[in-house]
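Peer 1: Here it is: the structure, laid out below.
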Amino acid sequence: MTTVAVKPATMAQALTRAMRDAMAADPTVHVMGEDVGTLGGVFRVTDGLAKEFGEDRCTDTPLAEAGILGTAVGMAMYGLRPVVEMQFDAFAYPAFEQLISHVSRMRNRTRGRMPLPITVRVPYGGGIGGVEHHSDSSEAYYMATPGLHVVTPATVADAYGLLRQAIASDDPVVFLEPKRLYWSKDTWNAEQPTDVEPIGRAVVRRPGSSATLITYGPSLPVCLEAAEAARAEGWDLEVLDLRSLVPFDDETVCAAVRRTGRAVVVHESTGFGGPGGEIAARITERCFHHLEAPVLRVAGFDIPYPPPMLERHHLPGVDRILDAVARLQWEAEG
Amino acid sequence: MTTVAVKPATMAQALTRAMRDAMAADPTVHVMGEDVGTLGGVFRVTDGLAKEFGEDRCTDTPLAEAGILGTAVGMAMYGLRPVVEMQFDAFAYPAFEQLISHVSRMRNRTRGRMPLPITVRVPYGGGIGGVEHHSDSSEAYYMATPGLHVVTPATVADAYGLLRQAIASDDPVVFLEPKRLYWSKDTWNAEQPTDVEPIGRAVVRRPGSSATLITYGPSLPVCLEAAEAARAEGWDLEVLDLRSLVPFDDETVCAAVRRTGRAVVVHESTGFGGPGGEIAARITERCFHHLEAPVLRVAGFDIPYPPPMLERHHLPGVDRILDAVARLQWEAEG
Amino acid sequence: MTVLEQRGAYRPSPPPAWQPRMDPAPLLPDAEPYRVLGTESAGKADPGLLRRLYAELVRGRRYNVQATALTKQGRLAVYPSSTGQEACEIAAALALEERDWLFPSYRDTLAVVARGVDPVEALTLLRGDWHSGYDPYTHRVAPLSTPLATQLPHAVGLAHAARLKGDDVVALAMVGDGGTSEGDFHEAMNFAAVWQAPVVFLVQNNGFAISVPLAKQTAAPSLAHKAVGYGMPGRLVDGNDAVAVHEVLSEAVRHARAGGGPTLIEAVTYRIDAHTNADDATRYRGDAEVAAWRAHDPIELLERELTARGLLDEAAVDAARQDAETMAASLRERMNRDPELNPMDLFDHVYAETTAQLREQRALLRAELEAEQEQHGEEPGAREGGAR
Amino acid sequence: MTVLEQRGAYRPSPPPAWQPRMDPAPLLPDAEPYRVLGTESAGKADPGLLRRLYAELVRGRRYNVQATALTKQGRLAVYPSSTGQEACEIAAALALEERDWLFPSYRDTLAVVARGVDPVEALTLLRGDWHSGYDPYTHRVAPLSTPLATQLPHAVGLAHAARLKGDDVVALAMVGDGGTSEGDFHEAMNFAAVWQAPVVFLVQNNGFAISVPLAKQTAAPSLAHKAVGYGMPGRLVDGNDAVAVHEVLSEAVRHARAGGGPTLIEAVTYRIDAHTNADDATRYRGDAEVAAWRAHDPIELLERELTARGLLDEAAVDAARQDAETMAASLRERMNRDPELNPMDLFDHVYAETTAQLREQRALLRAELEAEQEQHGEEPGAREGGAR
Ligand SMILES: Cc1ncc(C[n+]2csc(CCOP(=O)(O)OP(=O)(O)O)c2C)c(N)n1
Ligand SMILES: Cc1ncc(C[n+]2csc(CCOP(=O)(O)OP(=O)(O)O)c2C)c(N)n1
Ligand SMILES: [Mg+2]
Ligand SMILES: [Mg+2]
């Protein structure tokens, strides 16, 4: 084994490595999807897996998402751990019936006898200049489906760690990969990846005392940038990375909001009916008397994802986040 | 024409009448779905339509929900107004890709040139002792999809009025029919149905001053019952029927909550990721300083819909609603 | 060579090197459904098999009748009877080995019971108790699938996984004529053929999808003809001829087990009862049609053959009926007892490890039940009963 | 008789009255793809048609090359080239009457342009401008469909609606070999056959779905064989033979227009370029295969025929090339200008009547843009430009 120094890796590379290591460690792990084999996926995230583990372990399927997830269900019934790739967010929709009616419910239906340890990898979100159907933020659909875990990494280390955990989980996990962070880099030791917090725990990415930005996935870097910019305005913003939408880490989130008394939820998904409503509502239920202002949301507009030339207007950016922070009724404070 | 006195009609009868009158008034209205023709639908809601208007206007389709909605899209492109029946809530899932990727977006995609005036009727919700997949509350999925109207009647008059409006609307409408209210009765004049408020307006079904129960569809009767029972505890509860989740009537909802200062959102759908989060969050954003307590939610548990013998434990009932009302921090009032 | 490299290879090349494609002829079903009973070849059928099928079909019919009766007594929420289709249900299940898997559709309770599942457990879902009831691994029977055709890709995946592991397990997937219109049917057939998965698809063409007759469901020469488009053999069989069904199924199972890939079988049969007890079949079909099919009853066909060959005397008929009555009595008796349900189960199997949110909700329900108990002096949530 | 009563009627009866089923033989495709060019029947082809096809194919190829070049200059976000498939794209579109409808898949820009859509407007989606660009009603061309096979049921519905209204309109629906695996393909084919809708399905089998070769997509004798399972005729045609494609398509369109119902046509062709400019085809296929198909080039096939028949001299070749260059120059020139986008459009077409929520959001964006303008002295949101 060659010694690999700690050097920058992209999120895509960390994801590849997570699958590789999972496949090496557990012969029941199978990767499947459109173009995942010979090509290594349209984002090259499964690059090299078919070569290393053979076509039976990393399989180019026919072009049919319900069929992919449906056959994965059968494979899981027989003791395998399928890792399914959906090529893009919007192309997971044909598989919804399998996901909702079977993947999320088989364990419950059989009172624990037939768990389905399936990981459904979904590259999601915008900001990559993708044409229609290639930039959807579909997390609200998954969140509203009991029985699924909904996980999304925002850092290179989490990409590796959370994907390993997802594959090892006995529950089905919808693993949302922020497309525009695929090429984000971080120093990371592929040979000795450090452990990350378990699925279900939120992590404070930047401590702060004036208000808490609550976010996940593709919006984490934007929030960190906003927090940096906020210093000029005299705000010391805390940034919280949810990491998993289900299970939801009420404890960490509420502790943070109780500390700062103010919160803004930031995500790309449409605001109306998006994850932010749930998050804001549960914070308010739990921390009402600690709140100096209503929990605000900065989200995508309530519109179909726009064409590439207009997407910058849609995506929550630093200014829009700071505008929301400014609306947190600071005058009222004291 | 025979003179028909104002007499009790069921919600199912009002829905049938709405389609009948729409078909009579407009030759472009076509009804389609599984068993809607000869049989009149498994709930008999399309009873008599095939006989009156012929099989070409009320059509038994092959058994394929994506195909039904997908062909309806094509029919709408050619100027028809398809009214599609999904046999049960969970059997609409195979049609999600068509719904999300096309029905909700075609108008926007073509900048208004190709509207799709499709009504998708979905019998939804539980409380009828249905076996698995026959009692889902799927409204969160529809709410999170911009481009759709999401409408649900709770009274006999609204069943008629809202369905007529939905069919006449140039936008696609997901029309959620509360299964367990199909047989609910009300005096109603089929020959001269009175106008109802337009889609997008919420209606106060019971005035009250202590707190507002915000609800829709199958939970309206439960809330009215709870309001009645609350009188014994000294609470005068207002009950608001949303009628349409999209568009959402912020104006009426906020006016009510500002009046009472307290609100509970009640629905059958799972709490986590369900409609209540959005509703509570937007009320809080808009009415924060009028709130004496956080907006609470009484919802189904975050579980797959239970087997019939256990469903009574899952469904929001009078006691659970009153318990929530009791938690609205009355002491704090002074 | 890996399992997946053995795939078929339609890969057209430019002329003059057009690749010869597979000849479709062997994939096409016969013009008429395959029959044994009432034909000359019936004489060659194994007497033991005939007797076994007869006894099982009589039991199966009795089960259908009893379960339908239980709906009237409110003991079952709903029952989709397979009266008239018992030959398909049972002969198909009997064509499997113990190690094989069955993927039933919602109407296939009889096939489930024929696999060895307890007759009462097989009704768990339909009586309003927990969704799947039986443990799928005990008899290798997937939960009865309500969303039509969704179980077909599961069967393909399981068969494929077994093959990857080197186990010679075959999966039998059942679906109705209506179910063949769903996208999942198409995708499952295609995956099965491309992967050469050891799976057998059995379409019970009973003429109707609830009220919708076959002519509104398909314009195909037969449902078995669909096989050609996937590159697998299609077979057409008289679904009321238990011996023919058993033979065709057994052949397909052997073929799959030997690595020959999937088969699509259309069994032509008829749903004698209404769709379920809640349905009114007179709305969409006439008595004459039903009468014609009653005259082609799967049990009578067997009885005639057995009698003609002197394999069935009155005592044997009585024994079969007696056995069926015993089963029915036990079913009645056991279904009369309320099942014991624990509301706490609602939270305990949603995830491997219950989430904090579900623990909160569990505690809420427990408190409510305890309050209820205090009011009524009952044990909290210890048992629930009575279908609606 | 209503439109829907004319359906096929496979309705099996119990013996002895088995209903004769439709004979599948006429539905089966020929063993080899139909060809005209290079065969004797080419001599019968109309010179005018040959010349028109030639000119259009030359333009089409040039369009593919130009659009690919525009991606390198950042003027197009992405372009899925149909180089090698021009005969399918163009001959198919030309087989339609003006009143007919085209339902293109994402790769079918050439067919869209052949219908009369402005070459620049046809690229609107791909340059990052508004999703559909052209008005679908102007030339009766549905928006280019990105989610594979989803456009097929639309075509069926539209054709059905036209028939119900008594209009003799035919819909042509295009899909790739990969797209045939989707459930929507199956459901569309089935609805079309049951409704006898005037629709023609054209599968361009170009050997690949991105990197996945046909052998991993299907085990069928051919994709055209799928027709049998729906009860419609399947035809196999050499997709690089523009005359053959035109003939087979025209026949199917006539058949559909005359009330004969749908046809499934498989055009065997090859994707010469990578999947899109963003793809690296060397990862999954060798040069030899590409070279073999290059030797079967649709334009060369036409050129050979025209030359042999003395229908093409150097002047005519030059004229065709010149015309193509003019088109390319205009494309280049017009694509070099930034399109004018109004961010307010984001809110104005989501619903017939903008909701209160969207009005709020619209106001927010307008305020932001005005603030931006103040800072930078720009006109607010008046124009946006530059693909990424
Ligand atoms: C996806 C889906 N859509 C609709 C239904 C409702 N439904 C239940 S049974 C049935 C008819 C099924 O017909 P067929 O497949 O022929 O089976 P059979 O009832 O004849 O056994 C329908 C439409 C369902 N269960 N699943
Ligand atoms: C439903 C869906 N799934 C996946 C994709 C991603 N995708 C785009 S093109 C393509 C391959 C299409 O192959 P084929 O149908 O043969 O058409 P071709 O590209 O060869 O023209 C895939 C998988 C998609 N667009 N839609
Ligand atoms: Mg049937
Ligand atoms: Mg292709």
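The values are calculated or read from the model by the stated rules, or taken from the named source; none is laboratory data. Here the structure is a predicted model, which is why all the values come from computation and not from measurement. All Cβ positions, even for glycine, are placed from backbone atoms using ideal geometry, and neighbour counts span all protein chains on display.
Peer 1: For a quick check of your reading: which strands (runs of 3 or more DSSP E) sit entirely within the stretch B:11-117 and have at least 2 residues that are of a type outside the set (A, V, I, L, M), at pLDDT 95 or above and farther than 24 Å from B:Pro193 by Cβ?
Peer 2: Because the criterion is at least 2 residues that are of a type outside the set (A, V, I, L, M), at pLDDT 95 or above and farther than 24 Å from B:Pro193 by Cβ, the strands (runs of 3 or more DSSP E) in the stretch B:11-117 that meet it are B:58-60.
Peer 1: I'm told B:Leu80 meets every condition in (1) in contact with a Lys or Arg (Cβ under 8 Å, 6 or more places away or on another chain); (2) buried (at least 24 other Cβ atoms within 10 Å of the Cβ) except one. Can you identify the failing condition by its number?
Peer 2: (1)
Peer 1: Here's a follow-up. Only one of (1) in a helix (DSSP H, G or I); (2) crowded, with 20+ Cβ neighbours inside 10 Å; (3) more than 10 Å from chain D (Cβ to nearest Cβ) is not met by C:Lys226, so which one is it?
Peer 2: (3)
Peer 1: Now for a different question. Select from the stretch D:104-133 the residues that are more than 9 Å from chain B (Cβ to nearest Cβ) and among the hydroxyl-bearing types (Ser, Thr, Tyr) and list them in ascending order.
Peer 2: Once the filter is applied, which keeps residues that are more than 9 Å from chain B (Cβ to nearest Cβ) and among the hydroxyl-bearing types (Ser, Thr, Tyr), the stretch D:104-133 yields D:Ser105, D:Tyr106, D:Thr109, D:Thr124.
Peer 1: Which one of D:Val36, D:Val58 is outside any loop (DSSP other than H, G, I, E, B), crowded, with 22+ Cβ neighbours inside 10 Å and either assigned by the TED database to the domain that holds D:Val245 or modelled with pLDDT under 90 (or both)? First the steps, then the outcome.
Peer 2: Working: D:Val36 fails: outside any loop (DSSP other than H, G, I, E, B).
Of the residues listed, the single one that is outside any loop (DSSP other than H, G, I, E, B), crowded, with 22+ Cβ neighbours inside 10 Å and either assigned by the TED database to the domain that holds D:Val245 or modelled with pLDDT under 90 (or both) is D:Val58.
Peer 1: Restricting to the stretch C:38-71, name every residue that is in contact (Cβ under 8 Å) with a residue 40 or more places away in the chain and of a type in the set (Asp, Glu).
Peer 2: Across the stretch C:38-71, the qualifying residue is only C:Glu56.
Peer 1: Does any residue of the stretch D:26-49 turn out to be within 10 Å of another protein chain (Cβ to nearest Cβ), within 30 Å of C:Arg285 (Cβ to Cβ) and more than 16 Å from ligand 1 (Cβ to nearest atom)?
Peer 2: Looking for residues that are within 10 Å of another protein chain (Cβ to nearest Cβ), within 30 Å of C:Arg285 (Cβ to Cβ) and more than 16 Å from ligand 1 (Cβ to nearest atom), one finds at least one in the stretch D:26-49, hence yes.
Peer 1: Give the number of residues within the stretch A:47-66 that are more than 7 Å from every other protein chain (Cβ to nearest Cβ) and closer than 17 Å to A:Asp89 by Cβ.
Peer 2: Residues flagged as more than 7 Å from every other protein chain (Cβ to nearest Cβ) and closer than 17 Å to A:Asp89 by Cβ within the stretch A:47-66 amount to 1.
Peer 1: Find the residue count for the stretch C:151-194, including only residues that are more than 17 Å from C:Thr218 (Cβ to Cβ) and within 16 Å of ligand 3 (Cβ to nearest atom).
Peer 2: The total comes to 3.
Peer 1: Got at least one residue in the stretch A:213-223 being surrounded by fewer than 21 Cβ atoms within 10 Å (Cβ to Cβ), in contact with a helix residue (DSSP H, G or I) (Cβ under 6 Å, 6 or more places away or on another chain), under 16 Å from A:Ile321 (Cα atoms) and at pLDDT 95 or above?
Peer 2: No, there is no match, as no residue in the stretch A:213-223 is surrounded by fewer than 21 Cβ atoms within 10 Å (Cβ to Cβ), in contact with a helix residue (DSSP H, G or I) (Cβ under 6 Å, 6 or more places away or on another chain), under 16 Å from A:Ile321 (Cα atoms) and at pLDDT 95 or above.
Condition check ((1) of a type in the set (D, E, K, R); (2) more than 14 Å from ligand 1 (Cβ to nearest atom); (3) crowded, with 24+ Cβ neighbours inside 10 Å) across all residues:
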position: C:Asp177; (1), (2), (3): yes, no, yes
position: C:Gly183; (1), (2), (3): no, no, yes
position: C:Glu187; (1), (2), (3): yes, no, yes
position: C:Asn190; (1), (2), (3): no, yes, yes
position: C:Ala193; (1), (2), (3): no, yes, yes
position: C:Gln196; (1), (2), (3): no, yes, no
position: C:Val200; (1), (2), (3): no, yes, yes
position: C:Asn205; (1), (2), (3): no, no, yes
position: C:Ala215; (1), (2), (3): no, no, no
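Peer 1: Quick check on my filter: what residues within the stretch B:187-199 are surrounded by 19 or more Cβ atoms within 10 Å (Cβ to Cβ) and touching a Pro at 6+ places or on another chain (Cβ under 8 Å)?
Peer 2: B:Trp188, B:Ile199, listed by residue number.
Peer 1: Something else about it: Applying the selection to the stretch A:97-136, what residues are of a type in the set (Gly, Ala, Ser) and either over 27 Å from C:Glu353 (Cα atoms) or in contact (Cβ under 8 Å) with a residue 12 or more places away in the chain (or both)?
Peer 2: If we filter the stretch A:97-136 for residues that are of a type in the set (Gly, Ala, Ser), which is where we start, we get A:101, A:104, A:112, A:125-127, A:129-130, A:135.
Residues satisfying the conditions are A:Ser104, A:Gly125, A:Gly126, A:Gly127, A:Gly129, A:Gly130, A:Ser135.
Peer 1: Specify which of the listed residues (C:Ala192, C:Ala291, C:Ala256) is under 25 Å from D:Leu28 (Cα atoms) and more than 16 Å from ligand 4 (Cβ to nearest atom).
Peer 2: Values: C:Ala291 fails: under 25 Å from D:Leu28 (Cα atoms); C:Ala256 fails: under 25 Å from D:Leu28 (Cα atoms).
Selected residue: C:Ala192, the only one of C:Ala192, C:Ala291, C:Ala256 that is under 25 Å from D:Leu28 (Cα atoms) and more than 16 Å from ligand 4 (Cβ to nearest atom).
Peer 1: Could you look through the stretch D:162-183, keep only residues that are away from ligand 4 (no atom under 16 Å from the Cβ) and not small (Gly, Ala, Ser), and pick out the one that is nearest to the chain's Cα centre (by Cα)? Break it down stepwise before answering.
Peer 2: If we filter the stretch D:162-183 for residues that are away from ligand 4 (no atom under 16 Å from the Cβ), which is where we start, we get D:162-172, D:183.
Those left that are additionally not small (Gly, Ala, Ser): D:163-165, D:167-170, D:172.
Numbers: D:Arg163: 22, D:Leu164: 25, D:Lys165: 26, D:Asp167: 23, D:Asp168: 21, D:Val169: 18, D:Val170: 15, D:Leu172: 9 Å.
So the residue we want is D:Leu172.
Peer 1: How many residues does the stretch B:32-55 contain that are over 16 Å from B:Gln13 (Cα atoms) and touching a residue at least 24 places away in the same chain (Cβ under 8 Å)?
Peer 2: Residues flagged as over 16 Å from B:Gln13 (Cα atoms) and touching a residue at least 24 places away in the same chain (Cβ under 8 Å) within the stretch B:32-55 amount to 5.
Peer 1: Would you point out the residue of the stretch B:277-289, among those that are out of contact with any Asp or Glu (no Cβ under 7 Å at 6 or more places or on another chain) and within 7 Å of chain A (Cβ to nearest Cβ), that is surrounded by the fewest Cβ atoms within 10 Å (Cβ to Cβ)?
Peer 2: Let us first name the residues in the stretch B:277-289 that are out of contact with any Asp or Glu (no Cβ under 7 Å at 6 or more places or on another chain), namely B:278-281, B:283-285, B:287-289.
Still in the list and also within 7 Å of chain A (Cβ to nearest Cβ): B:278, B:280-281, B:284-285, B:288.
On the way: B:Glu278: 29, B:Ala280: 25, B:Ala281: 28, B:Thr284: 26, B:Glu285: 19, B:Phe288: 17.
Looking at residues that are out of contact with any Asp or Glu (no Cβ under 7 Å at 6 or more places or on another chain) and within 7 Å of chain A (Cβ to nearest Cβ), I get B:Phe288.
Peer 1: If we keep just the residues of the stretch D:267-306 that are acidic (Asp, Glu) and more than 9 Å from every other protein chain (Cβ to nearest Cβ), which is surrounded by the fewest Cβ atoms within 10 Å (Cβ to Cβ)?
Peer 2: D:Asp287
Peer 1: Condition first: not in a loop (DSSP other than H, G, I, E, B) and not hydroxyl-bearing (Ser, Thr, Tyr). Now tell me which residues in the stretch A:1-10 satisfy that. Working first, answer last.
Peer 2: Keep residues of the stretch A:1-10 that are not in a loop (DSSP other than H, G, I, E, B), which gives A:7-10.
Scanning the stretch A:1-10 gives A:Lys7, A:Pro8, A:Ala9.
Peer 1: Among the numbered criteria (1) surrounded by fewer than 24 Cβ atoms within 10 Å (Cβ to Cβ); (2) more than 11 Å from every other protein chain (Cβ to nearest Cβ), which single criterion is violated by A:Arg111?
Peer 2: Going through (1) surrounded by fewer than 24 Cβ atoms within 10 Å (Cβ to Cβ); (2) more than 11 Å from every other protein chain (Cβ to nearest Cβ) one by one, A:Arg111 breaks only (2).
Peer 1: Can I ask one more? Got at least one residue in the stretch D:196-213 being within 14 Å of chain C (Cβ to nearest Cβ) and part of a helix (DSSP H, G or I)?
Peer 2: Taking the stretch D:196-213 as the starting set, the residues that turn out to be within 14 Å of chain C (Cβ to nearest Cβ) are D:196-197, D:199, D:201, D:203-209, D:212-213.
This time we only want the ones that are part of a helix (DSSP H, G or I), so: none.
Scanning the stretch D:196-213 turns up no residue that is within 14 Å of chain C (Cβ to nearest Cβ) and part of a helix (DSSP H, G or I).
Peer 1: While we're here: Determine, yes or no, whether C:Asp184 is over 30 Å from A:Ile68 (Cβ atoms), modelled with pLDDT of 95 or more, in the same structural domain as C:Ala149 (by the TED database) and not β-branched (Val, Ile, Thr). Let's see the steps before the verdict.
Peer 2: Working: over 30 Å from A:Ile68 (Cβ atoms): no; modelled with pLDDT of 95 or more: yes; in the same structural domain as C:Ala149 (by the TED database): yes; not β-branched (Val, Ile, Thr): yes.
No; evaluated as a whole, the condition is false for this residue.
Peer 1: Then there's this: Which ones in the stretch B:71-96 are in contact (Cβ under 8 Å) with a residue 24 or more places away in the chain and in contact with a His (Cβ under 6 Å, 6 or more places away or on another chain)?
Peer 2: Within the stretch B:71-96, B:Val73, B:Leu80, B:Pro82, B:Phe88, B:Ala90 meet the criteria.
Peer 1: Test of understanding: among D:Leu346, D:Leu369, D:Leu312, D:Leu331, which residue is within 23 Å of D:Thr83 (Cα to Cα) and not in a loop (DSSP other than H, G, I, E, B)? Walk me through how you get there before you give the answer.
Peer 2: Numbers: D:Leu346 fails: within 23 Å of D:Thr83 (Cα to Cα); D:Leu369 fails: within 23 Å of D:Thr83 (Cα to Cα); D:Leu312 fails: not in a loop (DSSP other than H, G, I, E, B).
Just one listed residue meets the conditions, D:Leu331.
Yes/no matrix, rows are residues, columns are (1) closer than 29 Å to D:Leu148 by Cα; (2) assigned by the TED database to the domain that holds A:Ser269; (3) hydrophobic (A, V, I, L, M, F, W, C); (4) within 14 Å of the chain's Cα centre (by Cα):
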residue: A:Gly125; (1), (2), (3), (4): yes, no, no, yes
residue: A:Glu139; (1), (2), (3), (4): yes, no, no, yes
residue: A:Ala144; (1), (2), (3), (4): yes, no, yes, no
residue: A:Leu148; (1), (2), (3), (4): yes, no, yes, yes
residue: A:Thr155; (1), (2), (3), (4): no, no, no, yes
residue: A:Ala159; (1), (2), (3), (4): no, no, yes, yes
residue: A:Phe175; (1), (2), (3), (4): yes, no, yes, yes
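Peer 1: Just need a number here: residues in the stretch A:224-236 that are out of contact with any strand residue (DSSP E or B) (no Cβ under 9 Å at 6 or more places or on another chain) and surrounded by 21 or more Cβ atoms within 10 Å (Cβ to Cβ).
Peer 2: The number of residues fulfilling the criteria is 0.
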